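The block underneath contains the structure these notes are about, expressed in structure tokens.
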Amino acid sequence: MLKDSFQLALENWKLYWGDGYMVWLLAGAVLILLVFSVWEQDARGLLLYSAGTLFIVFCPLTAWILTKLLGENVYWRMLWLLPSGIMTAYAFTRLVTVRKTLWLRIPGTIVFVVLIAWCGKSQLLTENYEWTHNSLQLPDDIVQMGEMIKEDADKPDVLIAGDFYVSSYMRVYDASFRMPYGLHAEGASTQRERNLYDLLQGEPQDDPERFDKMLRTARQLRCDYVAARYHISGMEEICRYRKWRILGEAGNYHILARIKNPGSE
């Protein structure tokens with residue numbers, strides 16, 4: 001257990017620094033502070049704080065406790081507590097100011113600026129400014145839902161109802177999409193909203209009465225679209241009767257659109 005926690009911390013350390021050389025820049029900053037400024041109060045404070053942070057991150061016991069509290073997927077954020085940028089800037093400034101005259105400080109400053117730029121990954125790469133498809137790596141069915149709804153919608157801030165899976169991803173796909181509730185129906189202000197969430201949850205449904213109740217509830221809440229895992233015979237007739245239309249399918253979901261002006265369709 002503790003060995004796994006340490007291994008997780010080590011993997012998160014590697015993921016945090018990526019393929020750049022900033023970690024070596026930090027190591028150089030630590031070395032500079034140890035050699036030139038270890039007895040200065042500010043430098044000593046930075047070194048002790050950083051050492052304490054690394055101990056908490058890599059200690060198997062604290063890593064295990066924090067993993068349980070925060071979750072494995074976000075444990076790397078503990079490294080945000082490490083003042084790497086502050087320490088690097090302070091150490092290089094301290095080393096440059098060892099020189100008493102300005103003309104001797106300028107070359108050192110230029111060298112350190114170039115070194116920092118070289119160690120980091122450039123933000124001016126072409127790939128950072130290309131329009132990519134599904135750059136957030138969302139599931140394909142969520143992307144299909146979002147594209148169908150955006151093409152069909154006559155306004156950007158549509159209200160979409162779905163189960164836990166859909167609620168988890170849809171606003172990541174497009175933040176302008178609105179949901180009548182949050183994950184696990186949190187944020188639902190009425191019992192009707194919680195009922196709609198319950199009607200959309202679970203395995204693919206084949207109950208026509210449940211489907212009919214779901215459509216009525218969604219229409220009462222003025223949802224514009226519903227992503228429903230219902231697979232029943234006569235679905236199109238029930239949708240037409242309840243003033244909905246089947247927009248399309250994405251994975252195991254039917255995407256339903258509310259008919260706002262039934263008389264015109």
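Just so it is clear, none of the values below were taken in a lab; they were calculated from the coordinates. Here the structure is a predicted model, which means the values were calculated and not measured. With ideal geometry, Cβ positions are generated from the backbone for all residues, glycine too; neighbour counts draw on all protein chains shown.
Side notes on the structure shown:
- Dimensions in Å of segment 2-119 - Rg and Dmax from alpha carbons: 16.7, 54
- Label point distance in nm, Arg99-Val38, each placed 7 Å from Cα along Cα→Cβ: 2.6
- Mean separation of Cα contacts under 8 Å, 6 or more apart, over the residue count of segment 2-126: relative contact order %: 40
- DSSP beta bridges in the chain [antiparallel fraction, %, rounded to 5]: 70
- Short to long, the 10 Å bins of the Cα pair-distance histogram for the chain hold 6, 21, 19, 16, 15, 12, 7, 3, 0 percent of all pairs.
- Only beta bridges with both residues in segment 140-264 are counted; by DSSP, about 70 percent of them are antiparallel.
- FRET E, pair Ile259, Gln7, Förster distance 51 Å, beta-carbon r, rounded to 0.05: 0.40
- Label-point separation, Ile246 to Asp152 (7 Å along Cα→Cβ), nm: 1.2
- In the chain, lysine pairs closer than 23 Å at Cα, eight or more apart or cross-chain: 11
- Relative exposure of His254, His184, judged by other C-beta atoms within 10 Å (fewest first): His184, His254
- Cα-projected label distance for Arg219 with Leu138, points at 7 Å along beta-carbon direction, nm: 2.8
- The Cα atoms of segment 140-264 define a convex hull whose projected area, averaged across directions, is 7.0 nm².
- Taking Val98, Val30, Val143 in turn, the Gaussian network model of the chain (Cα-Cα springs below 10 Å) assigns the largest fluctuation to Val98.
- Distance from segment 175-211 to segment 143-171 (C-alpha centre basis), Å: 14
- Acute angle (nearest 10 degrees) that the helix 164-173 long axis makes with the longest principal axis of the chain, alpha-carbon atoms: 60
- Contact order relative to length of the chain, as percent, for alpha carbon pairs under 8 angstrom and 6 or more apart: 14
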